[in-house]
Amino acid sequence: QQQVKQSPQSLIVQKGGISIINCAYENTAFDYFPWYQQFPGKGPALLIAIRPDVSEKKEGRFTISFNKSAKQFSLHIMDSQPGDSATYFCAASFYAGNMLTFGGGTRLMVKP
Amino acid sequence: GAGVSQSPRYKVAKRGQDVALRCDPISGHVSLFWYQQALGQGPEFLTYFQNEAQLDKSGLPSDRFFAERPEGSVSTLKIQRTQQEDSAVYLCASSSGVAGFSYNEQFFGPGTRLTVL
């Protein structure tokens, strides 16, 4: 059972544009929702994370929007840059610091 | 400071061979996780250690998979009698917090890419 579904699988955006990646989860017990960025040959690195008590969190060009009633959350990358080209994973966990359940990933390419 | 390191970075095994994958977490990190990442997929949880105690091994796919962390620092994931379906990247992550008590970031290593022929 896939508990975290992510879309799209791939995304091409022009430099300066907005990249939007969406995730949906099934289990309402999840209470921590991070986004990870992964470059080829590297491990995932935490970008930004949110808890369900807030609807939005912004850090620099990265914003998470969270809709608890719809069980959905999304990552917005403003002013996308070629250096943002990577694979992005949403994830969710029960309680704090527990095992992460990942989405399937979105391969982002930002064209110059 | 040094991050999470894993060795070897690449491992090729013939079907039926045993392999051992090593993880050196960030010094002082209490929690250690192993994940399996198939090609083009998101990582999937395998097992969790709090210090030397293996508190969750619900994600291990079969009894051919075994993990240990005897002194609460370095961890080894062992796969016996490897099969082709074991081919994947094995990721290790560590965290300074204790699962269930704190929102602490998991820091991932670069992974070991295992190819079983």
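So here's what we get for this one:
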quantity: Subset of B:LYS11/B:LYS57; A:LYS58/B:LYS78; A:LYS15/A:LYS58 violating a 31 Å alpha-carbon distance limit; calculated: A:LYS58/B:LYS78
quantity: The stretch A:78-84 - phi-based ³J(HN,Hα) in whole Hz, Karplus 6.51/-1.76/1.60, Gly and Pro as x; calculated: 7, 6, 4, 10, x, x, 7
quantity: Against the rule of thumb 2.2 N^0.38 Å, how large the Cα Rg of the protein assembly as shown comes out; calculated: 1.01
quantity: Shape box of chain A [Cα atoms, principal axes, largest first, Å]; calculated: 41, 28, 21
quantity: Ranked packing of B:32-38, A:73-79, most packed first, by mean Cβ within 10 Å; calculated: B:32-38, A:73-79
quantity: J(HN,Hα) series, the stretch A:40-54, from Karplus relation 6.51 cos²θ - 1.76 cosθ + 1.60, nearest Hz, glycine and proline x; calculated: x, x, 10, x, x, 10, 5, 9, 6, 9, 9, 10, x, 7, 10
quantity: Pair-distance profile P(r), taking every C-alpha pair of the stretch B:6-117, with 5 angstrom steps and integer %; calculated: 2, 13, 24, 26, 18, 10, 4, 1, 0
quantity: Karplus-derived HN-Hα couplings along the stretch B:37-51 (A = 6.51, B = -1.76, C = 1.60, θ = phi - 60°), whole Hz, x at Gly and Pro; calculated: 10, 6, 4, x, 10, x, x, 10, 4, 10, 7, 9, 10, 10, 6
quantity: For B:ALA13, distant residues with modelled amide H under 5 Å away; calculated: B:THR115, B:VAL116, B:LEU117
quantity: Of A:ALA45, A:ALA24, A:ALA92, the one that fluctuates the most in a GNM where chain A has Cα springs shorter than 10 Å; calculated: A:ALA45
quantity: Nonlocal amide H pairs with A:GLY104, under 5 Å, H built at 1.01 Å; calculated: A:GLN6
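The numbers here are math on the coordinates, done by the rules we state, and not lab data. Remember, predicted model here, so these are calculated numbers, not experimental data. Methodologically, a virtual Cβ is constructed for each residue, glycine included, from the backbone with ideal geometry; neighbour enumeration extends over all protein chains shown.
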